[in-house]
1. Could you tell me which of rounded, prolate or oblate describes the range 1-134, using a ≥ b ≥ c as the square roots of the eigenvalues of the alpha-carbon gyration tensor, with rounded for a/c under 1.5 and, failing that, prolate when a/b is larger than b/c and oblate otherwise?
2. List the trypsin sites (Lys or Arg not before Pro) in the range 265-313 that DSSP assigns to loop (not H, G, I, E or B) and whose Cβ has at most 12 other Cβ atoms within 10 Å. Which are they?
3. I'd like the orientation of helix 471-486 relative to the chain: the angle between its Cα long axis and the longest Cα principal axis, in ° from 0 to 90, rounded to 10.
4. Given the chain, what percent of its DSSP beta bridges are antiparallel, to the nearest 5?
5. Excluding same-chain pairs closer than 8 in sequence, count the lysine pairs in the chain whose Cα atoms lie under 19 Å apart.
6. Sort the range 176-334 into rounded, prolate or oblate with this rule: let a ≥ b ≥ c be the square roots of the eigenvalues of the Cα gyration tensor; rounded if a/c is under 1.5, and if a/c is not under 1.5, prolate when a/b is larger than b/c, oblate otherwise.
7. Between 0 and 90 degrees, rounded to the nearest ten: what's the tilt of helix 441-461 against the longest Cα principal axis of the chain?
8. How high is the FRET efficiency from Glu273 to Thr364, r the C-beta distance, R0 35 Å, rounded to 0.05?
Amino acid sequence: MTDTTLPTDDLDALIIGAGFSGLYQLHCLRDRLGLSAQILEVADDVGGTWYWNRYPGARCDSESHSYCYTFSEELHREWQWSERYPDHAEIRRYLDHVANRLDLKRDIRFGTRVTAAHFDAAANRWRVTTADGMQLTAQFLITAVGCLSTANVPDIPGREHFDGRWFHTGQWPHDGVDFAGRRVGQIGTGSTGIQAAPVIAESAAHLTVFQRTANYSVPARNAPLTAEFQDWVRENRAAIREVTHSTPNAHPFRIENRSVFDVTPEQRQAIYEAAWAKGGLQFRATFRDLLLDKTANDTAAEFLRGKIREIVKDPDTARLLADIDHPYAAKRPPIDTNYFDTFNRDNVTLVDVRADPIEAITPTGIRTRSTEYPLDVIVFATGFDAMTGPLLRMDIRGRDGVSLADAWHAGPRNYLGLQVAGFPNLFTVTGPGSPSVLCNMPVAIEQHVEWITDCIAHLRDRGLDRIEASESATNEWMTKVEAAAAATLLPQARHSWYLGANVPGKPRVFMPYAGGMARYRRICDEVAANGYAGFTLGR
Ligand code: NA7
């Protein structure tokens, strides 16, 4: 292999992002299809979301034995996870191992932010511009930018005058933050805040958690993996893959095929207790109708609220934490390590900012309508401009100079989450309209990357050089995305980032495809088998 292929500025394919998606996409296009391909990556190393999310307690909610690639037996043999859920550093080590093993880094331009990508119809090429003024062209442009990579820092008046330090969890300093002796304010109680608060509370002088929406959480029950489990994983890889490929959320466990009301209340309680003891996202898989039937969901919701009231000693704090306004799992369900217990510590306070909204950040802290909270550090665990944010912050323009921002002014519209009409040869890995964030991500990513690779191979085998989603197929797909969400309780969580509700001014559209990963895979396979039905192929 050559040392580097980087100087080339006209390529078969450009990939944006060096996380799980981009790395595998580069391997597929370069090493399987023999294309000239490069990755442009703003960070100075591989890792994608895990490059940035290094906040205290940052850990994946998918179980490690399923949070990895499955395409290579060698990679499996050479890698062993150490804990039930991998932490951010271990995931970075894994992706670094993959990148080195597949010799990918020689085709990655690190420290390179894409600012614009314009389609030149006459040349049938994407013209890509970077922040440092580089111009590259490519026939295919593949965004592998992740769904949760654009930090959402709320525009609270006065932030710029804060005398202490503030951090967003998704842009965490590499050398960490020392909380010892500090008064810390944390805004946000989503999956991130729920992971971070217990760890911050251990070292901070005082932690004030500002909660806008109370949240359910189930214990993760993280632990080191036993040698027996690691052996079991090694011997059962095919069976694990079979499960992740056949379940809606692509996790390594199946959803029980029973309804909440098939069992007696006592049996149900015992099932919930067992799932609580086992821990993790499997709680959601205890009954098939938890996300379909509000009455069924209420039983899980009440069980989980009961647990909060049991754990949290101060009745007022317990009431605030259990005052949850949405069905269980209608927002992304967090899992935790000692989250609710953290509120029993003397150095932790909960503030209900729905009742007493934050009005300003002052030089010395956070001021709500009724109270001033003196702080040395503010942690924004306030999430992301999810799914569309990373795409729209680039100036992407398709045919006739139409911008993606204009094409998506009323919310994202595409076909299969993979292609946008009017944007030929642009593929969006785990784009809105695909199952993505509703799944264990590596499974969704592998499926998209392989589909895109097969599609490009199909074009090249036939001497074709262009593919574009049709308007009519897009319209039909958007109807299916909407119907899939409407068949579930997911849209009932009004404040969910799945709906774009966390970002002021963002169109309220349920973005991911909620019909399940297994069904989605079948649909994509059928489209390909039917000569890429719904796409226009040409030269
Ligand atoms: P989330 O799930 O979007 O959570 C963000 C939290 O921050 C949530 O509690 C928000 O309350 C809160 N928030 C956001 N803006 C504000 C303002 N302005 N004031 C007060 N509170 C605010 O992000 P995460 O990082 O926790 O998780 C994202 C995903 O990463 C997660 O689902 C996993 O897939 C991994 P709200 O609920 O909007 O009222």
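1. In terms of gyration-tensor shape, prolate.
2. When the trypsin sites (Lys or Arg not before Pro) of the range 265-313 are filtered for loop state and at most 12 Cβ neighbours within 10 Å, Lys313 remain.
3. Between helix and principal axis, roughly 20 degrees.
4. The antiparallel fraction comes to roughly 40 percent.
5. So the count of such lysine pairs works out to 4.
6. Oblate is the answer for the range 176-334, as a/c is 1.5 or above yet b/c matches or exceeds a/b.
7. That works out to roughly 10 degrees.
8. That gives a FRET efficiency of 0.15.
Every number here is computed from the coordinates shown, using simple stated rules; none is lab data. Model, not experiment: these values are computed from the prediction. Reconstructed Cβ throughout: ideal geometry from the backbone, glycine too, with neighbour counts over all protein chains shown.
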